[in-house]
Each structure stands twice: as structure tokens, then as C-alpha cells.
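A.B. asks: Handing you a structure now.
The values are calculated or read from the model by the stated rules, or taken from the named source; none is laboratory data. Owing to the predicted nature of the structure, the values given are computational and were not obtained by experimental measurement. Cβ atoms come from the backbone with ideal geometry, glycine included; neighbour counts cover every protein chain shown.
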Amino acid sequence: MINKIWGLLIIIGILYSLFIGNIENINNEILSSTKLAFDMTVQILPVLALWLGIMKVAESSGLLSIMSKKIELPLTKIFPEIPKGHESFGLIASNIMANMVGLGNAATPFGLKAMESLQKINPQKDTASRSMITFLVLNTSGITIIPTTIISLKILYKSNNPTDIVFPCIIASVFSVISGLLIDRFLAKRRCRWVLYQI
């Protein structure tokens, strides 16, 4: 859907430029934005490669598994519907750990595997379970300790202090997680009451 919206906006912009006879600006923008995109890729890729490599080493050495187990206990409180010792906890924990260091690309495979695992224990296959919704909230508003992509962009644009975003990022992400989970629990209880009322 987003691709269609962006495609439509691009087509409207090109048609409007043709209509007012300003096609030269489009050519200039295409050339300059291509160079900017290339520069951003070159700047961000090494940082992402470094952290992805660190995550891979942590995964292969078992460090990621140890770190994931440390946060499994609070996860059992957040996901009471998942049976204890289920593989979903490890996948969810790995997803959270990857998000903490700002690696959305590394977190995505863990997130997809976690959703597949949660779907296996979902009694209604055509409807998202409570755990799946909670995980989606947690994944979307995940706590970020090291925002690697933002730091890379700040370095690209010659920021004097590219790491000054770290503390505000931690505060913002902590508040977003707390808010997301509170709203999730509120809506879950409200839905539960509604279902009981219908019965």
C-alpha cells in the first residue's frame, strides 16, 4: 500500500512539473538524490556491517542466547499466554536484543520467526493472538540503546557530536514501550470484558 502511495505521489509530481514546464528541476533532483542515496549507503553500510557481524558472533558463540535468557523472565510476565520454556521466548528475546543496538535489519528475521512460532500455538489461525499483538507492540516501540542508523546519518551530515542522540533515544524508546504495553493491556482487558458480555 505504501509503495502505491509513493508511486502515485511521484507520478503526480512529474505530471505537475510537465504541466508547468519545470521538468529541468526533476532531472536535477533525480541526479542529486541518487548521489545522496549512494553517499548515505556508503556511510551507513560499514556501521551496519560491523554490528551485524557482532550480532552474528554473539549468536554463534552463544552469548546472544545467554543474554536472551536474562530477559526471558520479564517476558513471561508480558506474555502470560505463551507456555513456559517455549521457543518463542528465545526468538522474541533475540529480536529485542537486536533492536536495542538499533539493528532493525538483524531484528527482522528473529521477529518473523517469532511470529511463525506464535502462530503455531495460536488457537484461531485467521486472527492474531494476544501474544502476537503484544509482540508487535513491543517490536514497534522497542527500547533502543545504540541507534546505529541515526548515528551514521549524523556522521554523514558532519554532526559535531553524533552520539548525543543516544540518551534522548533511550528515554523516548523506554516511554514508548511502557505506553505501548499499557495501552495493549488496557485494550486486551476491554476486549475480554466485551467477549464475556457477548457470552
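A.B. asks: I'd like the residue in region 69-101 that is among the small types (G, A, S) and in contact with a helix residue (DSSP H, G or I) (Cβ under 7 Å, 6 or more places away or on another chain) and, out of all such residues, is surrounded by the fewest Cβ atoms within 10 Å (Cβ to Cβ).
C.D. replies: Looking at the filtered set, the residue picked out is G90.
A.B. asks: I would also like to ask the following. Here are some residues: A37, A58. Which one is at pLDDT below 75 and either assigned to a helix (DSSP H, G or I) or on the phi > 0 side of the Ramachandran plot (or both)?
C.D. replies: On inspection, the qualifying residue turns out to be A58.
A.B. asks: Of all residues in region 115-157, which are more than 23 Å from G180 (Cβ to Cβ) and surrounded by 14 or more Cβ atoms within 10 Å (Cβ to Cβ)?
C.D. replies: Scanning region 115-157 gives I151, S152, L153, K154, I155, L156.
A.B. asks: Sort out which residues of region 134-160 are within 25 Å of I92 (Cα to Cα) and either in a loop (DSSP other than H, G, I, E, B) or aromatic (F, W, Y) (or both), and write them in order of number.
C.D. replies: F135, S141, G142, I143, T144, I145, I146, P147 - these are the residues of region 134-160 that are within 25 Å of I92 (Cα to Cα) and either in a loop (DSSP other than H, G, I, E, B) or aromatic (F, W, Y) (or both).
A.B. asks: Next up: I96 versus (1) within 17 Å of V177 (Cβ to Cβ); (2) at pLDDT below 80; (3) of a type in the set (A, V, I, L, M): which is the lone unmet condition?
C.D. replies: (2)
A.B. asks: Ok, one more. Just one of (1) surrounded by fewer than 15 Cβ atoms within 10 Å (Cβ to Cβ); (2) modelled with pLDDT of 80 or more; (3) in a helix (DSSP H, G or I) trips up I170, so point out which.
C.D. replies: (1)
A.B. asks: Given the criterion of a type in the set (A, V, I, L, M, F, W, C) and at pLDDT below 80, identify the matching residue among I133, I146.
C.D. replies: I146
A.B. asks: Can you confirm whether region 113-130 contains a residue that is of a type in the set (A, V, I, L, M, F, W, C) and closer than 30 Å to L45 by Cα?
C.D. replies: There is at least one residue in region 113-130 that is of a type in the set (A, V, I, L, M, F, W, C) and closer than 30 Å to L45 by Cα.
A.B. asks: Here is a list of conditions, (1) within 24 Å of A188 (Cβ to Cβ); (2) more than 20 Å from the chain's Cα centre (by Cα), and G111 meets all of them except one; can you say which number that is?
C.D. replies: It is condition (2) that G111 fails.
A.B. asks: Residues being out of contact with any Asp or Glu (no Cβ under 8 Å at 6 or more places or on another chain), in a helix (DSSP H, G or I), over 30 Å from I151 (Cβ atoms) and touching a residue at least 40 places away in the same chain (Cβ under 8 Å): count how many of those fall in region 74-133.
C.D. replies: Going through region 74-133 one residue at a time, the tally reaches 1.
A.B. asks: From L8, L52, grab the single residue that is surrounded by 10 or more Cβ atoms within 10 Å (Cβ to Cβ), part of a helix (DSSP H, G or I) and either free of Cβ contacts under 8 Å to residues at least 12 places away in the same chain or out of contact with any helix residue (DSSP H, G or I) (no Cβ under 6 Å at 6 or more places or on another chain) (or both).
C.D. replies: L8
A.B. asks: Taking S60 as the residue in question, decide whether it is more than 30 Å from L91 (Cβ to Cβ) and either small (G, A, S) or touching a strand residue (DSSP E or B) at 6+ places or on another chain (Cβ under 7 Å) (or both).
C.D. replies: Considered against the rule, which asks whether it is more than 30 Å from L91 (Cβ to Cβ) and either small (G, A, S) or touching a strand residue (DSSP E or B) at 6+ places or on another chain (Cβ under 7 Å) (or both), S60 comes out as no.
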